Ligand SMILES: C[S@@+](CC[C@H](N)C(=O)[O-])C[C@H]1O[C@@H](n2cnc3c(N)ncnc32)[C@H](O)[C@@H]1O
């Protein structure tokens with residue numbers, strides 16, 4: 001039997017909702033600009049025979065990386081005014097690629113600048129092939145970027161009995177998630193090793209557990225993933241969802257540590273080293289929650305709750321919709337999911353000073369050896 005190549009429980013909310021509610025994710029991408037500029041330096045001449053091929057791996061609807069992509073195009077234009085540039089956005093088959101193209105062509109939101117997809121000499125494409133596999137032909141990619149995407153696993157190595165995320169799993173559960181994440185990391189790197197032109201780079205901003213044990217939402221009084229679990233469990237306690245549905249609310253993610261990111265590069269005999277990849281830069285970065293900053297400035301708890309909850313609803317909703325028994329009528333499922341996030345929103349509005357979600361990323365610049 002062929003393995004299904006995609007899972008509908010991994011999909012950002014469509015119609016532009018993801019980027020419209022993810023200024024925190026955009027801040028992370030914007031903060032990678034110096035690393036990206038550094039990585040681009042010197043690569044134009046190495047790839048001068050062909051179009052300059054850029055990829056954004058796990059791009060969702062493309063809104064959060066739009067400004068960075070514009071900057072990259074500007075940098076390349078300065079270095080090489082007549083060079084064709086291809087910009088390929090990759091994600092999974094259930095991604096809303098229509099919203100992505102509407103954004104790129106300026107019809108989802110009318111931007112101040114000319115639509116990126118209509119810039120002379122810029123050619124935009126999309127691929128729905130998982131980044132766990134090779135997406136581009138051998139040695140054709142001039143620069144690769146990815147943000148907040150590679151913590152999604154290629155498969156769910158079982159359900160987590162009493163938490164929505166591997167971060168709150170038992171030791172045994174977490175070990176199987178880690179094993180999956182480590183094997184996925186190798187697969188991701190080996191695929192990129194084939195795609196990259198020798199001498200060019202990848203810049204990755206991956207959600208992680210940092211040296212201080214911090215991860216997305218862990219620095220708040222109300223830990224984001226624990227609070228999500230509490231509200232999901234409350235539905236089971238109130239018999240609104242079944243115990244099976246409660247357990248199925250397991251997000252297919254794992255946050256790697258810096259050691260996990262670095263390991264394939266430290267062993268010269270690892271498949272990744274033998275494939276020619278070298279780690280040039282590694283660091284961690286905490287991006288403060290912009291929604292909480294707005295709340296501290298304006299002091300309106302209800303407005304904060306209305307802005308804060310959609311930023312994680314955008315990426316978590318598909319998991320919880322997928323956890324519900326498909327025999328439930330669609331409207332009933334939608335009602336349960338609304339109730340779930342509304343309860344979280346009421347929680348935030350009731351104690352706004354306890355909630356925030358700092359993002360914690362591991363940054364890597366990886367070069368394909370000449
Ligand atoms: C949180 S969004 C990040 C979007 C954007 N890069 C950003 O930083 O705002 C994660 C994206 O990764 C995508 N994704 C997850 N697993 C993937 C895979 N195996 N291949 C490609 N994309 C994947 C999801 O569908 C989603 O659109």
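The values are calculated or read from the model by the stated rules, or taken from the named source; none is laboratory data. Not measured: the values here are computed from a predicted model. Because the Cβ atoms are built from the backbone with ideal geometry, glycine has one as well, and the counts that use them run over all protein chains shown.
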Can residue 155 be described as touching a residue at least 12 places away in the same chain (Cβ under 8 Å), within 15 Å of the ligand (Cβ to nearest atom) and out of contact with any strand residue (DSSP E or B) (no Cβ under 7 Å at 6 or more places or on another chain)?
-> yes
Filtering the range 95-117 down to residues that are in contact with a helix residue (DSSP H, G or I) (Cβ under 6 Å, 6 or more places away or on another chain) and either at pLDDT below 90 or in a helix (DSSP H, G or I) (or both) yields 104, 108, 116, 117
Check off (1) buried (at least 20 other Cβ atoms within 10 Å of the Cβ); (2) part of a loop (DSSP other than H, G, I, E, B) for residue 161 and give me the number that stays unchecked.
-> (1)
With respect to the numbered conditions (1) free of Cβ contacts under 8 Å to residues at least 12 places away in the same chain; (2) within 21 Å of the chain's Cα centre (by Cα), which one is the sole condition not fulfilled by residue 279?
-> (1)
For residue 348, indicate whether it is crowded, with 18+ Cβ neighbours inside 10 Å, over 30 Å from residue 188 (Cα atoms) and in contact with a helix residue (DSSP H, G or I) (Cβ under 9 Å, 6 or more places away or on another chain).
-> yes
Output the residue which, of all residues in the range 123-139 that are part of a strand (DSSP E or B) and touching a helix residue (DSSP H, G or I) at 6+ places or on another chain (Cβ under 7 Å), is farthest from the ligand (Cβ to nearest atom).
-> 124
Filtering the range 27-76 for residues that are in a helix (DSSP H, G or I) and within 14 Å of the ligand (Cβ to nearest atom) leaves a count of 11
From the list 146, 176, 142, which one is in a strand (DSSP E or B) and either under 26 Å from residue 242 (Cα atoms) or more than 16 Å from the ligand (Cβ to nearest atom) (or both)?
-> 142
With respect to the numbered conditions (1) under 12 Å from residue 55 (Cβ atoms); (2) in contact with a helix residue (DSSP H, G or I) (Cβ under 7 Å, 6 or more places away or on another chain); (3) buried (at least 20 other Cβ atoms within 10 Å of the Cβ), which one is the sole condition not fulfilled by residue 146?
-> (2)
Test result for residue 211, more than 22 Å from residue 29 (Cβ to Cβ) and assigned to a loop (DSSP other than H, G, I, E, B) | yes
Could you say whether any residue in the range 111-122 is over 30 Å from residue 263 (Cα atoms), crowded, with 16+ Cβ neighbours inside 10 Å, within 16 Å of the ligand (Cβ to nearest atom) and over 18 Å from the mean Cα position of the chain (by Cα)?
-> yes
In the range 228-244, residue surrounded by the most Cβ atoms within 10 Å (Cβ to Cβ) [restricted to those that are under 24 Å from residue 354 (Cα atoms) and touching a helix residue (DSSP H, G or I) at 6+ places or on another chain (Cβ under 8 Å)] | 228
Considering only residues of the range 179-208 that are part of a strand (DSSP E or B) and over 15 Å from the mean Cα position of the chain (by Cα), which is surrounded by the most Cβ atoms within 10 Å (Cβ to Cβ)?
-> 196
Where a residue in the range 178-197 is free of Cβ contacts under 8 Å to residues at least 40 places away in the same chain and its partner, wherever it lies, is crowded, with 18+ Cβ neighbours inside 10 Å, with Cβ under 8 Å and at least six apart = 179/157
